Structure formats: C-alpha cells, structure tokens
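Colleague: Okay, handing you the structure first.
The values are calculated or read from the model by the stated rules, or taken from the named source; none is laboratory data. All values derive from a computational prediction rather than experimental measurement. Cβ coordinates were reconstructed from backbone atoms using ideal geometry, including for glycine residues, and neighbour counts include every protein chain displayed. The area values use the complete protein model at the heavy-atom level, side chains included, leaving out ligands, DNA and RNA. Shrake-Rupley method; radii C 1.70, N 1.55, O 1.52, S 1.80 Å.
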Amino acid sequence: MNVTGEPSFRESVDMMFRRATALMDLGPGLQEKIRVCNSTYTVRFGVRLRGKIETFVGYRSVHSEHMEPVKGGIRFSLGVNQDEVEALAALMTYKCALVETPFGGSKGGLCVDPRAWDEKELEQITRRFAYELIKRDLIHPAQNVPAPDMGTGEREMAWIADQYARMNTTDINAKACVTGKPPHAGGIQGRVEATGRGVQYALREFFRYPEDVAKAQLSGGLAGKRVVVQGLGNVGYHAAKFLSEEDGCKIIAVIERDGAIVDEAGVEIEALRQWMNDHDGHLAEYPKGKHVANGASVLESDCDILIPAALEGVINLGNAARITAPLIIEAANGPVTFGADEILRKKGCVIIPDMYANAGGVTVSYFEWVKNLSHIRFGRMQRRQEESRHQLLVNELERLSADKGLGWTLSPGFKEGYLRGAGELELVRSGLDDTMRGAYQAMREIWHSRPEVEDLRVAAYIVSISRIAATYKSKGL
Ligand code: NAD
C-alpha cells in the first residue's frame, strides 16, 4: 500500500489477476508461475553531457517467456520505477495472449525527462541505454523486442535499431530487434496511429452489440457521443482524431498536463494538436473553448465516453466516486486503480480494459516484426495481381452489358474502389480490425455466458490466462 491507501500499480495488476483466477480452475502452482515477473534488469550508466557525467537509471523487465520473443515498449519518463515497469510487463503478457500475438510480456523504462535534453543528447542517452540492453540480449529479434511507449516514438526506435545493427553486423534479421520504427527504417505503414486506431476499432466493436451498450446505460451508435480524452500524445491524439473525424463523436474536453480545454461544441483535435506543437506542448492559451486549470477535475465531467490516454492511476480512490462517465475505455495502461475499479463497477460503469483497449500497438508491432523477418512489404506480391483479376471481372461485366444491349454501367466510384488492390496500410488496418473484433468477441463470450463474471476486465484476464496456461501445459509444466 502507498500513502494514499492504494496498492502499488503492480499490486493492483496482481489483484485484478487474482479476481480472475478465483473464477478459474487452475492449480495454485501454475497460477503463481503465470503471475510472477520472471526477471527485472536494472542498469545505471553515465553519459557525458554539457561538460559533466550524468547518471541514468533504466529497467528492462521480462514478465513471462512462455512465448519468445518477449515484447513491450520502452518508456522515457521521470516517473519510471521498478514497480511500474513490472506492472506494465505483466500487462503485456496478458495483452499479447488476448490478441493472439505470439509473444511473452516485457517492458522497459528509463528515468529521464525527454523534454530536458536536445535531440543529439537524447540520441546519445538512448544509444547508451540500448547498448546496455543489447549486450545482454534484452534487445534481440528472437528474444526481446521493444516498441515505443510514453515519451518515445519512431525516432528513438530508429536509434535503437541502428545501435543493434552496429553491434550485430551479420544478423540478417537485425531490423526485427525493435518495432515502431519509421517506414524508411524498416517500419510499417500504420504503426504510429495503431494504438489510437485500435481504440477506435474497439469502440466500434462494442457499439455493434446493443445489449453491451445498454449495460453502459447508453443507446445507439458512436455518432453524437460526447467524449472526454485525457492525454493528447500518440494514443490520445489518434483516438480522438479518428473518433471525431470518422465516427461523428464530439470531443467535449481534452485534458493535458497544464489543464484542460473544454468546449461543448466539440474541440477540433487537429487544430489543438497543432497549437500544442507550436507552443512547447502547452494548451493553456488555446484560443477556443474554456481553459480549466485543474485538468484532473474534468475527468469527472458529464460525458458518454471517458478515454484516459495519458498515464496510470489517474482514476483512483480519491476521485472514483465522482466519475460520472458510464463508459470508460482505458487507452492508457492502468489508468483505473483496483479500488477505483470496484467503486465504478458498483455504480454500473462499464470499463473496456487496457489489455484489450490499447492492444492495437502491439498488434501492428507484430505485423512489423513479421514484415522485418520476411524482408518484404505486405501486398508487394499480390496487389497488382488482385487488381488485374478485378479488372477482368469488370471488363467481362461491361462486355456482357454491351453484347446484350442492357446499357448497364458501373459507377466510377464503385470501379475505383473495387479495382484498387490492397496496399500495406489497408492490409495493416484490416488485420488490426480483425484482431480487435476477435478479441472483443472472446471477452464478451465469457462476460455473457458466465454470470459470476461481472465485467470485461475479468473476462479479458480469463481469456488470456487460459491461453497462457494452455501454452505452459503443452510445454510440460
Ligand atoms: P505520449 O508520451 O505520446 O503521450 C502522453 C500524453 O499524456 C502527453 O501528451 C502528455 O503531455 C500527457 N500527460 C502526461 N501527464 C499527464 C497528466 N498528468 N495529465 C494529463 N495529460 C498528461 O504517450 P503515449 O504513447 O500516447 O502513451 C500514453 C499511454 O498509452 C501510456 O499509458 C502508454 O503505456 C499507453 N500505450 C501506448 C502505446 C503506444 O503505442 N504508444 C501502446 C499501448 C499503450
């Protein structure tokens, strides 16, 4: 327990795990094997910066190696600590099992404020951290494959990939040592947007089931739903952008580090993000809507969907009773503490849990890893062949129409859409959509078929723990 009377993040994940295993028929030994974190490596290293040696502390935690490589992001933040990294590594294990990506769970973190250093300095720090992990095989295409997380993105992943390639000059699969790279450095189309896109696909799937929507005391589809988003970083920005531009949701508030912008008419996400880019990440002076200095209080505002997409523990014993959103989708990892989860459940709030809601990132990372190992872009072999087969059919329909004097014509819009073969981005989105639908259906089947399963989180844990247990059993454990 910490000073607020709440369990730590890792304890919170363990308690959620135990809520699920209490409803499962697993031996205590196997439960314990699945729950524990296998290892955590701590590194302290020095980098000469601005004329003196700065010491940094970093971690790479491996939660479960029931499948290898293990997978999980690298976070750059001053809040990074061993407990947090271990909690996030555990969530990665459960998440990978839920969305059927063939990985164990891992996570890394470096205690650094990325905004405190310029690009060249950050590159030195990242490369040195990567060097420490690579030489211990804690970054490796077959054993441990990081990805972006809070405070890191394509740029950092490209530095890590290059560092690995320099240290492993004959490894033909070097690019597969890390995912989330920019497309020109071995990345895949659609990875940057993937986690936010996954949040959108998760909500679309949820709203396909009127009885699930009714459990959240809502009705109808996504269009017109009033949404509050916390965190306009990679995940929050993409989720808010897609939901407002493509699904007709209205983003009525965006909460950031320096307060919130509230606008009942709908916040223009692209314009706000542009403003933040131009103002050193700040939104306080944004000219539209109302600025609320106490951003966290806006989590409590009246809305249909609340999307915490910043960091863990933001909905806790201190504010859970005042949260009014009937539906929360956990775009961030661990935004709702164990105690808050209980309070919200009792109030009838439906929570779409993190291990499912933000699994879009690891899903597309999986596609990127496969692409790197196969050394060929998705769609390269089939795309034109697919187009020529479609063209054959269109030609034949047009010939039949002309021969029989039927006067049929295919509309130009149909022809254009039908004739175009799928490129990498379309294939990635299709694979992601399929994954998000499949995982939701697996969770909801448990949720609806077992009366003792109260919520989607326990259902998600049951699906993933069963799969991990089956893997261990087939290994003879
Ligand atoms: P990011 O660094 O791109 O964005 C985080 C945003 O949250 C930033 O805009 C930051 O200013 C804001 N923020 C920080 N503290 C805040 C506070 N106290 N109140 C309000 N806003 C605050 O990070 P991200 O990659 O978008 O990750 C966000 C969350 O999503 C994390 O929990 C991460 O673990 C999870 N996640 C990320 C990915 C991914 O692919 N990037 C995948 C799965 C899960």
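Colleague: Filtering region 1-15 down to residues that are open to solvent by less than 60 Å² (accessible area, probe 1.4 Å) and of a type in the set (D, E), which residue is farthest from the chain's Cα centre (by Cα)?
Modeller: Out of the qualifying residues, it is E6.
Colleague: Would you please name the residue that is least open to solvent (accessible area, probe 1.4 Å), looking only at residues in region 115-151 that are of a type in the set (K, R) and part of a helix (DSSP H, G or I)?
Modeller: Here the answer is R127.
Colleague: Have a look at E211, E154 and point out the one that is within 16 Å of the ligand (Cβ to nearest atom), open to solvent by 60 Å² or more (accessible area, probe 1.4 Å) and of a type outside the set (V, I, T).
Modeller: E154
Colleague: Here's a follow-up. Under 6 Å between Cβ atoms, which residue pairs at least 6 apart in sequence (or on different chains) link something in region 182-208 that is closer than 9 Å to V364 by Cβ with a partner that is crowded, with 24+ Cβ neighbours inside 10 Å and polar (S, T, N, Q)?
Modeller: Listed by first residue and then by second, the contacts come to T195/N358.
Colleague: Please find, within region 449-468, the residue that is least open to solvent (accessible area, probe 1.4 Å) out of those that are without any contact (Cβ under 8 Å) to a residue 24 or more places away in the chain and part of a helix (DSSP H, G or I).
Modeller: A459
Colleague: Checking the condition in the same structural domain as G259 (by TED's automatic domain parsing), away from the ligand (no atom under 16 Å from the Cβ) and either assigned to a loop (DSSP other than H, G, I, E, B) or buried (at least 24 other Cβ atoms within 10 Å of the Cβ) (or both), which residue from L222, L203 passes?
Modeller: L222
Colleague: So, in region 280-302, exactly how many residues are without any contact (Cβ under 8 Å) to a residue 40 or more places away in the chain, among the hydrophobic types (A, V, I, L, M, F, W, C) and within 11 Å of the ligand (Cβ to nearest atom)?
Modeller: 0
Colleague: For residues in region 342-353 being open to solvent by less than 10 Å² (accessible area, probe 1.4 Å) and within 16 Å of the ligand (Cβ to nearest atom), which is farthest from M15 (Cα to Cα)?
Modeller: Among those residues, the one meeting the criterion is I352.
Colleague: Would you confirm, using the coordinates I've provided, whether L272 is within 15 Å of the ligand (Cβ to nearest atom), surrounded by 15 or more Cβ atoms within 10 Å (Cβ to Cβ), farther than 28 Å from R429 by Cβ and touching a residue at least 40 places away in the same chain (Cβ under 8 Å)?
Modeller: Considered against the rule, which asks whether it is within 15 Å of the ligand (Cβ to nearest atom), surrounded by 15 or more Cβ atoms within 10 Å (Cβ to Cβ), farther than 28 Å from R429 by Cβ and touching a residue at least 40 places away in the same chain (Cβ under 8 Å), L272 comes out as no.
Colleague: Could you tell me how many of the residues in region 305-327 are open to solvent by less than 10 Å² (accessible area, probe 1.4 Å) and either farther than 28 Å from S244 by Cβ or within 14 Å of the ligand (Cβ to nearest atom) (or both)?
Modeller: Number satisfying all stated conditions: 4.
Colleague: A further question follows. Which residue out of N234, N277 is within 12 Å of the ligand (Cβ to nearest atom), open to solvent by 40 Å² or more (accessible area, probe 1.4 Å) and either in contact with a strand residue (DSSP E or B) (Cβ under 9 Å, 6 or more places away or on another chain) or at pLDDT below 95 (or both)?
Modeller: On inspection, the qualifying residue turns out to be N234.
Colleague: Take residues that are within 16 Å of the ligand (Cβ to nearest atom) and either charged (D, E, K, R) or open to solvent by less than 10 Å² (accessible area, probe 1.4 Å) (or both) and tell me which of the strands (runs of 3 or more DSSP E) falling wholly in region 16-76 contain 2 or more.
Modeller: In region 16-76, the matching strands (runs of 3 or more DSSP E) lie at 52-64, 74-76.
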